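> Provided herewith is a single structure, encoded as structure tokens, for subsequent inquiry.
Read-outs throughout are calculated quantities, based only on the coordinates presented, and are distinct from any laboratory measurement. Just so we're clear, the structure is a prediction, and the values are computed from it rather than from any experiment. Backbone-built Cβ (ideal geometry, glycine too); neighbour counts: all protein chains shown.
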Amino acid sequence: MSWYLLRRLGGMLVTVLVVSFVAYLALTFAPGDAAEALIGENASTEQVAALRSQMHLDAPLPERYAGYMVAAITKGDLGHSLVNGRNVTDLVAERILPTLLLALVAMGIATVAGLGLGVLAASRPGSHLDLLAMGGTAMGLAVPPYWVALLLVMLFSLRLHWLPVFGYGSMSHLILPAISLALPGAAMVARLVRSSVIEVKRADFVRTAAAKGLNPRQLMLRHILPNSLIPALTMMGLNLSHLIGGAFVIETIFAWPGLGRLTVQAIFDRDLPVVMGAVLAVVPLCLSVNLIVDLLHGALDPRVRHEAI
Amino acid sequence: MTRQSELKAAALAMAWRCHSLVRLMLSPQAPCPVPRKRSAADNRWGTPAWNNFLRAPALYLGTALIALVAIGALLALLLCSYAPDQILPNSRLLPPGPDHPFGTDALGRDLLSRVAAGAWLAARIAVVSVAISLVAGVILGSLAGYYTGWTDQMVSRVMDGWLSLPGALVAIVIVARLGASLDNLILALGFMGVPAFYRIVRNTTLGARRMPYAEAAIALGANDHRVMWHHVFPNILSPVVVLTSMRMGTALLTGSSLSFIGLGAQPPMPEWGALMATGRNYLDSAWWLALFPGLAMTCTVVGLNLLGDGLRDLLDPRTGQSLGYGEAVSAETEPVAARSALEPLQTGSLSMSHVSGRQSGQRTTIPMKSTEIQG
């Protein structure tokens, strides 16, 4: 187990290093660097060059990357934003919480809705109810979440005036972004729960419990559901890492002060240190969520042997 | 045999495969690959064509939806009297009406013809980006799965890491590197999809090359190329076809979301995501601007997903029949990868019945690594 953990952590470290290097490489060689973006179109070539050397953009690439990573790991220093000069570590730190909040609430909604729908559909496979629920999940997987967000804003904010159009700060600001973000995850969880409930229903221990005379409600709650929840749990964890990394559109629509919006804005500004900082925050976060999910899966399901993976 | 004639033979084999597939779909007497459940509907609608529909309803519904969008877009472009970028100064922000069925935008452009033009952009995005992933994934996957060894180990580790990152993040960094345009977006989406194809091709190739038919070919003296492309590849085509259809939907969704925030197709282009981004500024006054492009998008992606589901039902009888989800699967080798790639929506765990225990219905659960996030 500890060997497995060590191997996974090592793999994570390598992935983070490779990804950060590739991102650094990609963003550094982007046409039109930060100096040009910052100084405006009217500046002369000498002025751009002067600013470049002032910002240390003219050092060789491996040297810059090594310096960057050493500072990031030893001092937690991710550099300064090229646009407003703020410390990137602070910028990223203050954006992580809103993103995590949104992702966790969205995951909660996805879990509850997906579980309910999945169990409902699996209670009578092949029925009209099942068809309807599965049709719904097919829709949920296919609609663009940001389109749903626009429609929800149109209905609940602009027509009914129940909820704010965008912003951050209160519960009511959280509802629309969380629902639109949760939609694909809910559909996935529903499909997964449906198929695993249907399968567990055919297991020998369920037949035994039914033969014993257990009522269907108890059978579902105590035997079928706990056993079919393990794959769903894994799915939810995966969703979480997806939500953290994939919320940029929803955050942009709702002006949610999260990492995604920070990244998108930084890309438009060619603000390399901020983009790098965001990548360095998101990637280890997603990878650790994945690892935790795998460990949890192993802890919940003794049939999983991590050494075999 | 020369390289060219080999390619030609591979193309012929692929064409034949597609031809058989279409024949299977159309012929009323087609051999049924999926053992069909008897249902009440058999007696009511005893016609052979309807039976075919019952076998893989998703396939037909998906095809119908995609055809609906494609034919609708074609008709709109042919019959509509306004060009997609034709500005009508006197008819700005008109609601849907007889003259403009989808209304007009703030510059007075007809939204119907813009959405229709967007359908062709969508087709371009989906087809080209998935073609990039397909070609790269098939070549790398075939080589890694066939030769195994340390190259396989190395490429597989890279692909695992790649797959564990949120796909949108990868696409964002690539677009940020290359600049925001439709072509760069397509390239980024293509890159993003490589690991999914790589994994399914690599894992199924690994299994297929140990099959008796591959061993027989090797014993007969066929060289690696011949075994790889003439014996192994045709036999792993089914999951690849299914994945292709699924990935097209994913590519469209991710691509349009990047266009929506301005990192893809740029405004004058009637890409659906860009159209919705324009509509976002007129949510309170012109609801139609955001509604119709999204509707077209949803129709297309539902169609592609259903097509994938249906193809899986038809091509991969092992995964069972009821709506194609959650039935037991049995696979002789590498079942984890085979199943997970066939069902990109059901990551987490999967069920399989032992080869020996198929009749007794004995089942075990095999976990999947969480590094296997799909797009």
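> Beta carbons within 10 angstrom, averaged per residue: use that to sort the peptides B:252-262, A:106-116, highest first.
Result, highest mean Cβ count within 10 Å first: B:252-262, A:106-116.
> Could you calculate the FRET efficiency of A:Val14 with B:Ile71 from 1/(1 + (r/R0)^6), where r is the beta carbon distance between them and R0 is 45 Å, rounded to 0.05?
After rounding, the FRET efficiency stands at 0.35.
> Mind sorting B:Cys80, A:Cys286, B:Cys18 by how few other Cβ atoms lie within 10 Å of their own Cβ, fewest first?
Ranking B:Cys80, A:Cys286, B:Cys18 by Cβ neighbours within 10 Å, fewest first, gives B:Cys18, B:Cys80, A:Cys286.
> Net charge near A:Val206: determine it from the other residues with C-beta under 11 Å of the C-beta of A:Val206, scoring Lys and Arg +1 and Asp and Glu -1.
In short, +3.
> Rounded to the nearest Å, what's the spacing between the alpha carbon centres of region B:105-151 and region A:176-196? Just the number, please.
Their Cα centres are 26 Å away from one another.
> Report the gain in length on full extension from A:Gln265 to A:Leu160: 0.36 nm times residue separation, minus Cα-Cα distance, nm rounded to one decimal.
34.7 nm
> Comparing A:Thr15, A:Thr263, A:Thr45, which has the greatest mean-square fluctuation in the GNM of chain A with Cα pairs linked when under 10 Å apart?
A:Thr45
> Fewest Cβ neighbours within 10 Å first, please rank B:Trp272, B:Trp150, B:Trp120 accordingly.
The fewest-first ordering by Cβ neighbours comes to B:Trp150, B:Trp120, B:Trp272.
> Using only atoms on other chains, find how many Cβ atoms lie within 10 Å of each Cβ of peptide A:144-155 and report the average.
Per-residue shielding by partner chains comes out at 6.
> When B:Arg312, A:Arg202 are ordered from fewest to most other Cβ atoms inside 10 Å of their Cβ, what list results?
Lowest to highest Cβ neighbour count: A:Arg202, B:Arg312.
> State to the nearest 20 debye the size of the charge dipole of region B:57-319 about its Cα centre, where the only charges are +1 on K and R beta carbons and -1 on D and E beta carbons.
Value, rounded to 20: 460 debye.
> Place +1 on the Cβ of every Lys and Arg and -1 on the Cβ of every Asp and Glu in region A:194-309, take the dipole about the Cα centre, and give the residue among A:Gly277, A:Ile267, A:Asn227 whose Cα lies farthest towards its positive end.
The listed residue farthest towards the positive side: A:Asn227.
> What FRET efficiency do you get for A:Ala66 and B:Arg210 if R0 is 45 Å and r is their Cβ-Cβ distance, rounded to the nearest 0.05?
So, using R0 = 45 Å, E works out to roughly 0.50.
> Taking amide H positions as placed 1.01 Å from N in the peptide plane, with prolines and chain starts having none, which residues 5 or more places from B:Thr104, or on another chain, fall under 5 Å of its amide H?
For B:Thr104, whose amide H was placed from the backbone, the distant partners under 5 Å are B:Leu93, B:Leu94, B:Leu111.
> Let me ask another. Roughly how big is chain A's charge dipole about its Cα centre, with Cβ charges of +1 (Lys, Arg) and -1 (Asp, Glu), in debye to the nearest 20?
Charge dipole of chain A: 1700 debye, to the nearest 20.
> Of the peptides B:187-194, A:296-303, B:134-141, how do they stack up when ordered by the mean number of other Cβ atoms within 10 Å, highest first?
Ranking the peptides B:187-194, A:296-303, B:134-141 by packing returns B:187-194, B:134-141, A:296-303.
> Please compute the average number of Cβ atoms from other chains found within 10 Å of each residue's Cβ in peptide A:161-174.
Per residue, the average neighbour count from other chains is 0.
> Determine the gain in length on full extension of the stretch B:Ala131-B:Ala9; use 0.36 nm per residue of separation and subtract their C-alpha separation, reporting nm with one decimal.
Computed gain between B:Ala131 and B:Ala9 is 42.0 nm.
> If you don't mind, there's one more thing I want to ask. Please give the net charge around B:Val232, taking every other residue with its beta carbon less than 13 angstrom from that of B:Val232, where Lys and Arg add +1 and Asp and Glu add -1.
Residues near B:Val232 contribute +2 overall.
> Provide the FRET efficiency to the nearest 0.05 for the B:Ser91-B:Asp284 pair, computing r from the beta carbons and using R0 = 25 Å.
Calculated transfer efficiency: 0.80.
> Across region B:248-262, in residue order, what do the Karplus-derived ³J(HN,Hα) couplings come to in whole Hz, using 6.51 cos²θ - 1.76 cosθ + 1.60 with θ = phi - 60° and x for Gly and Pro?
4, x, 4, 4, 4, 5, 5, x, 5, 5, 5, 5, 4, 8, x
> Once you put a point 7 Å from the Cα of A:Leu100 and another 7 Å from the Cα of B:His19, both along the Cβ direction, what distance in nm separates them?
6.0
> Please identify, among A:Val119, A:Val264, A:Val22, the residue showing maximal mean-square fluctuation in a Gaussian network model of chain A using a 10 angstrom Cα cutoff.
A:Val22
> Work out, step by step, the length gained on full extension between B:Thr148 and B:Ala222: first 0.36 nm times the residue separation, then minus their alpha carbon distance; give nm to one decimal.
This chain segment gains 24.8 nm when fully extended.
> Net charge around B:Arg114, counting only other residues with Cβ within less than 13 Å of its Cβ (Lys, Arg = +1; Asp, Glu = -1)?
Neighbour charge sum, excluding B:Arg114 itself: -3.
> Check A:Arg86: other-chain or 5+ apart residues with amide H under 5 Å from its amide H, H built from backbone geometry?
Distant-sequence amide H within range of A:Arg86: A:Ser81.
> Do the sum for chain A: with -39,500 (n - 2.57) for every DSSP H run of n ≥ 4, divided by all residues, what is the mean residue ellipticity at 222 nm, to the nearest 500 deg cm²/dmol?
-24500 deg cm²/dmol
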